[in-house]
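All of the numbers you see were taken from the coordinates with simple rules; none came from a lab. Treat the numbers as computed from the prediction; the structure is a model and nothing was measured. Every residue, glycine as well, gets a Cβ built from its backbone with ideal geometry; the counts of neighbours run over all protein chains shown.
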Amino acid sequence: MSQKAFLADFDRQAVAAFAAAGIADVDAVYMPRGGGAGVPCSVMVDRGTQAFGDDLMPVAASDVVISLFRAEVVGERDGVVEVDGDRYRLKDKLSDDGSRVRWAVSNA
């Protein structure tokens with residue numbers, strides 16, 4: 001099994017387990033930039049505070065990151081994800097390991 005196939009299988013099982021525990025959502029909808037039909041998908045929404053900066057007084061900002069899964073949808077900049085009554089606009093792709101794609105988002 002290739003690394004991509006392993007990661008896809010692992011992520012599929014992890015999302016199912018996380019959804020059962022209430023920390024992932026399997027009923028989200030992704031809407032492409034510019035409109036079009038919505039795509040049902042599973043997501044993980046990470047809310048928290050991220051510190052950044054190297055100076056003596058680093059800046060801290062509230063940060064929300066959404067993980068999409070390539071088996072369902074990759075997403076594109078300015079696409080919108082609707083999950084649990086909230087709407088998020090995809091802004092910056094943070095990482096893509098071939099299975100899970102993490103996006104920094106803003107409220108849409």
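[x] 8.0; [y] 6.4; [z] 13.1: which one is mean projected area of the Cα convex hull in nm² as calculated from this entry?
Label of the calculated value: [x].
Of the listed peptides 8-14, 79-85, what is their order by residue-averaged count of other C-beta atoms within 10 Å, with the highest listed first?
In descending order of packing, they fall as 79-85, 8-14.
Once fully extended, how much extra length lies between R47 and S62, figured as 0.36 nm per residue of separation less the alpha-carbon to alpha-carbon distance?
4.6 nm
For segment 54-96, run through the trypsin sites (Lys or Arg not before Pro) and keep only the ones in DSSP coil with at most 14 other Cβ atoms within 10 Å of their Cβ.
Here the trypsin sites (Lys or Arg not before Pro) that fit, given the DSSP loop and packing criteria, are R77.
I need the phi-derived Karplus couplings for segment 28-39: 6.51 cos²θ - 1.76 cosθ + 1.60, θ = phi - 60°, integer Hz, Gly and Pro marked x.
Couplings: 7, 10, 9, 10, x, 4, x, x, x, 5, x, 10 Hz.
Averaging sequence separations of C-alpha pairs under 8 Å and six or more residues apart, then dividing by the length of the chain, give the relative contact order as a whole percent.
25 percent
Of S67, Y30, S106, whose Cα points farthest to the positive end of the dipole of the chain (charges on the beta-carbon: +1 Lys, Arg; -1 Asp, Glu; origin at the Cα centre)?
Going by the charge dipole, the pick is Y30.
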